[in-house]
């Protein structure tokens with residue numbers, strides 16, 4: 001499977017459905033993940049904890065892949081994130097506000113799985129929305 005195919009499965013099956021059973025199939029055991037909310041996770045179990053954290057904050061969180069560029073064992077994805085703020089994040093209590101923000105991720109692959117993900121999202125824009133300033 002191509003890197004682009006893995007990325008689509010990563011977002012469609014794992015994130016958009018919160019299907020943690022996909023983690024061993026999609027990610028290497030020693031996966032390194034740096035999320036746009038500033039958290040760094042190493043290993044499948046720690047990554048699964050991050051998925052749970054996001055789900056608690058945004059139970060309807062969804063990711064839309066806008067564009068991908070693949071070269072060798074790396075791939076770039078431009079994304080749009082959406083959800084409803086139902087759990088604390090950045091010290092901000094749940095607001096019930098719908099949010100939408102942009103982001104980008106760089107993936108590295110090994111042995112047909114995702115070995116690392118480095119995500120950068122528009123956190124400033126997200127916080128502005130959570131605080132009702134956008």
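Some points to look at:
- Single unsatisfied condition, residue 132 versus (1) surrounded by fewer than 16 Cβ atoms within 10 Å (Cβ to Cβ); (2) more than 21 Å from residue 52 (Cα to Cα); (3) modelled with pLDDT of 95 or more: (3)
- Filter result for residue 87 (closer than 19 Å to residue 53 by Cβ, within 13 Å of the chain's Cα centre (by Cα) and either assigned to a strand (DSSP E or B) or in contact (Cβ under 8 Å) with a residue 12 or more places away in the chain (or both)): no
Residues are listed down the side, and each one gets a yes or a no for (1) out of contact with any strand residue (DSSP E or B) (no Cβ under 7 Å at 6 or more places or on another chain); (2) under 16 Å from residue 111 (Cα atoms); (3) part of a strand (DSSP E or B):
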site: 13; (1), (2), (3): yes, no, no
site: 18; (1), (2), (3): yes, no, no
site: 21; (1), (2), (3): yes, no, no
site: 24; (1), (2), (3): yes, yes, no
site: 47; (1), (2), (3): no, no, no
site: 50; (1), (2), (3): no, no, no
site: 53; (1), (2), (3): yes, no, no
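- Flag if residue 108 is surrounded by 14 or more Cβ atoms within 10 Å (Cβ to Cβ), part of a helix (DSSP H, G or I) and either more than 11 Å from the chain's Cα centre (by Cα) or free of Cβ contacts under 8 Å to residues at least 40 places away in the same chain (or both): no
- Of all residues in segment 67-79, those being part of a strand (DSSP E or B) and either in contact (Cβ under 8 Å) with a residue 24 or more places away in the chain or surrounded by 15 or more Cβ atoms within 10 Å (Cβ to Cβ) (or both) number 8.
- Residue 126 vs. criteria closer than 18 Å to residue 15 by Cβ and assigned to a helix (DSSP H, G or I): yes
- Qualifying residue in segment 17-28 (condition: within 11 Å of the chain's Cα centre (by Cα) and on the phi < 0 side of the Ramachandran plot): no
- Each residue in segment 21-36 was checked for being surrounded by 15 or more Cβ atoms within 10 Å (Cβ to Cβ) and either within 12 Å of residue 119 (Cβ to Cβ) or touching a helix residue (DSSP H, G or I) at 6+ places or on another chain (Cβ under 7 Å) (or both), and 10 pass.
- Filter result for residue 31 (farther than 27 Å from residue 132 by Cα, in a helix (DSSP H, G or I) and either under 12 Å from the mean Cα position of the chain (by Cα) or in contact (Cβ under 8 Å) with a residue 40 or more places away in the chain (or both)): no
- Qualifying residue in segment 84-95 (condition: surrounded by 12 or more Cβ atoms within 10 Å (Cβ to Cβ), in contact with a strand residue (DSSP E or B) (Cβ under 8 Å, 6 or more places away or on another chain) and under 30 Å from residue 133 (Cβ atoms)): yes
The values are calculated or read from the model by the stated rules, or taken from the named source; none is laboratory data. Not measured: the values here are computed from a predicted model. Cβ sites come from the backbone with ideal geometry, for glycine too, and all protein chains shown count toward neighbours.
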